[in-house]
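The values are calculated or read from the model by the stated rules, or taken from the named source; none is laboratory data. This one's a predicted model, so the numbers in the text were calculated from it and none came from an experiment. Methodologically, a virtual Cβ is constructed for each residue, glycine included, from the backbone with ideal geometry; neighbour enumeration extends over all protein chains shown.
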Amino acid sequence: MTGSGFGLLERIKGHFILMRPIQLIWFDIFIGFASYAVLTQHLPRVHFLLFILTSLLTDAGACTLNDIGDIASDRISTESSRKDRPLCKGTVSMRSARIQAYSLFALGLLLALMLDIYVFIFTLSLVLLAHQYSLPPLKMNGRPFVSQLFWVLFAILYYLTISAYLVRYESIPYQNILNGLYFLAVMVLFVGIAETLAKDLRDLENDRDSGKITTSVLLGNKAASGASFVFSVIGISLWAYSYFFIHETQFVVQAAVLLLVLTWEAICLYLCISIFRRYTKASARKLHIGYLLTLTAVLALTFIAGVT
C-alpha cells in the first residue's frame, strides 16, 4: 500500500514509538503508584493522576530525546528493536523529533507548575538532567560510571518531586519522607546500578563500535556482569528484608516476595555467569528484559503491600 495516507499513519506511529509507551507504563505509572503507596500507606486519590500525567509527559520527552542522542549506536545495532527505530528508518525526521521532545517537556512543566511550585522546580531539574543524559555537552549515557550517577541523581530528584506533591496535596508528615528513603536506596541499587549495567551490556557491541564508552564497555563483559549481579542481589534482598523484618506484611505478600526474589536471583545468576564466560547479545538482552519484568513485579508488590 502506498500513498500519503499511509505515510501519515507511519509518521504518527513513529512519533508514538519514540515515546516508548511500554517504558512509560512500568517506569512512570508503576514507580509512581508504588512510591505513593510507600509514602502514604493508602490507595491513590484521583487527583494523583495529574502527577502521573506530568511524569508521563516529561518522560515521553526524555525518551524521544534519548532516541536522538543514540541514533549513531542504534543504526549499527544488530537488534531490530534498535536499528528499526523511527529515526533510523527515517519515518520521523530529526526536526520533528526535537519538536516533539520539547513540546512534551513544555506540557509537562506547565502541568507541574499548576500543581505546585516545588513540583515544578524538581520537574524542571529532571528535564535538564534528562537533556544532559542524552545530548552534549555532558551526554552522560556515553560516559563510564557517569550513566550510573545519572540514575542516582534522577532517583533522588524524582523522589523529591513526588514528596513535594504529597506534602502539598496529602499533607504527609516529613517523617514519612525519611522512612521512604529505604525504598529509594533499593531503587538506586537495583535500577540505577544493576539494571543500567545490564542495559549497557545489551548494547555493548554497538556502543563500542560507535565510539560510545559506557561503564560496561570500559569494564568488559566479565566485570560488568559480575557487578550487575552483586548490586541486583543487594538491592532486591534489601527490598525483601523490609517485608519480613521491618513492615507488618500479610503472609501471602511475603510468600510472593520470597518467590520473586529466589526466582530472579537464580535467573540473574545463570545469565550473568553465561555472559561472564562468553558474551552474547542474546544473553545480555534476556538479562536486561529480565530486570525490567522483575522491576515491574517488585513495584506491583510494593504497591499491594503498601495499601493492604
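State the number of residues belonging to segment 249-264 that are hydrophobic (A, V, I, L, M, F, W, C) and either surrounded by 13 or more Cβ atoms within 10 Å (Cβ to Cβ) or in contact (Cβ under 8 Å) with a residue 12 or more places away in the chain (or both).
7
Looking at (1) within 29 Å of Val188 (Cβ to Cβ); (2) at pLDDT 95 or above; (3) surrounded by fewer than 23 Cβ atoms within 10 Å (Cβ to Cβ), which is the only condition Val46 fails?
(1) is the only condition that Val46 fails.
Step by step: first the residues of segment 62-101, then only those that are among the acidic types (Asp, Glu) and out of contact with any Cys (no Cβ under 6 Å at 6 or more places or on another chain), then the one that is farthest from Thr280 (Cα to Cα). Which residue is that?
Asp67
Looking at segment 127-238, what helices (runs of 4 or more DSSP H) fall wholly within it and have at least 1 residues that are of a type in the set (Ser, Thr, Tyr) and surrounded by fewer than 21 Cβ atoms within 10 Å (Cβ to Cβ)?
146-169, 174-179, 181-187
Within segment 3-24, is there a residue that is assigned to a helix (DSSP H, G or I), of a type in the set (S, T, N, Q), buried (at least 18 other Cβ atoms within 10 Å of the Cβ) and under 21 Å from the mean Cα position of the chain (by Cα)?
For segment 3-24, residues assigned to a helix (DSSP H, G or I), of a type in the set (S, T, N, Q), buried (at least 18 other Cβ atoms within 10 Å of the Cβ) and under 21 Å from the mean Cα position of the chain (by Cα): absent.
In segment 120-138, what residues are under 19 Å from Ile71 (Cα atoms) and within 17 Å of the chain's Cα centre (by Cα)?
Within segment 120-138, Ala130, His131, Gln132, Tyr133, Ser134 meet the criteria.
Hey, among Ile76, Ile121, which residue is surrounded by fewer than 17 Cβ atoms within 10 Å (Cβ to Cβ), modelled with pLDDT under 95 and either basic (Lys, Arg) or out of contact with any strand residue (DSSP E or B) (no Cβ under 8 Å at 6 or more places or on another chain) (or both)?
Selected residue: Ile76, the only one of Ile76, Ile121 that is surrounded by fewer than 17 Cβ atoms within 10 Å (Cβ to Cβ), modelled with pLDDT under 95 and either basic (Lys, Arg) or out of contact with any strand residue (DSSP E or B) (no Cβ under 8 Å at 6 or more places or on another chain) (or both).
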